[in-house]
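Chemist: Can you read through this structure? Questions will come right after.
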Amino acid sequence: INEGQIPCTLITNRATIDDGYHPPFEIGANTSVLTGPNLRTSTKTVDKDVAEPGEQLQYTIYVHNGGNRDANVTLSDLIPDNTSYVTQSLTYTLGSGTYTGSGISWSGSLGVGESATIRFRVEITSPLTSGTIITNTADLLANSVHYSRTVTTTVRSEPWLYDSTKTATSNSGGYGGV
C-alpha cells in the first residue's frame, strides 16, 4: 500500500487457479486502508549480538510514520539490567530527548512518511557471568497506539580460544625431533 493512500479505500486482490485437471476457481482477499499514523515499520537494532563485559553497545531506534496522518510520538527505553548509560551518548535527528536517570525519553512529531533516528550507548557491567542475556526494549506510543521493539545481546566472558594457533620450532634436525 502506498503511503498517503485515501482512508477506508478497499483493496481487492483476486486470482484464478487453474491446474489443467480440475475446473478453474477464483479466490481473493480484501483489505481496507486505515486512517491514522502507522509506526509498524519502525525498528530497533543493537550493534553487537555478542559482547564482553566492559564493552559498549549502541542502540538505534528508527521511527517511521508510514500512515496517512501525522503522528505525535513518544518513546521510552529503560536502560537494561547489567549495563549503565554512557553519559551524553543520546542523539536524535528531530524532536527532543533526555536521559531520565533510568532510561531514555524522546518525543517528536512525524508527518506522513517522515522518520526519526534515536541512538544511545550503554556499557556492560564487569565482571558478568558468561551467557547473560542483555535485553533492551523501546516502547513507542503514537496517537494512543502502542508499538514495542526488543533486541538482545549475549555476554561472553570466558576466554575465546577458537582463533588460537599453535606453532612449533625445533633446533633438532634429527629423527624424533619436533
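The values are calculated or read from the model by the stated rules, or taken from the named source; none is laboratory data. Here the structure is a predicted model, which is why all the values come from computation and not from measurement. Glycine also receives a Cβ, built like all others from the backbone with ideal geometry; neighbour counts cover every protein chain displayed. All accessible areas refer to the heavy atoms of the entire protein, side chains included, with ligands and DNA or RNA removed. Shrake-Rupley method; radii C 1.70, N 1.55, O 1.52, S 1.80 Å.
Chemist: If packing is taken as the average number of other Cβ atoms within 10 Å across a peptide's residues, how do 35-48, 71-84, 15-28 rank, most packed first?
Modeler: The packing order, highest mean first, is 71-84, 35-48, 15-28.
Chemist: Which order do Asp139, Asp49 take by accessible area at a 1.4 Å probe, largest first?
Modeler: Largest to smallest exposure gives the sequence Asp49, Asp139.
Chemist: Return the equivalent ellipsoid semi-axes of the chain as a descending list in whole Å, where each equals the square root of 5 times an eigenvalue of the C-alpha gyration tensor.
Modeler: That gives 47, 31, 13 Å for the three semi-axes.
Chemist: Calculate, for the chain, the solvent-accessible area per residue in square angstrom, rolling a 1.4 angstrom probe over the heavy atoms of the protein chains.
Modeler: On a per-residue basis, 63 Å².
Chemist: Accessible area of the chain with a 1.4 Å probe: how many percent of it is carbon plus sulfur?
Modeler: 49 percent
Chemist: OK, next. Using only protein heavy atoms and a 1.4 Å probe, report how much of Tyr62 is accessible, in Å² to the nearest 10.
Modeler: Rounded to the nearest 10, the figure is 80 Å².
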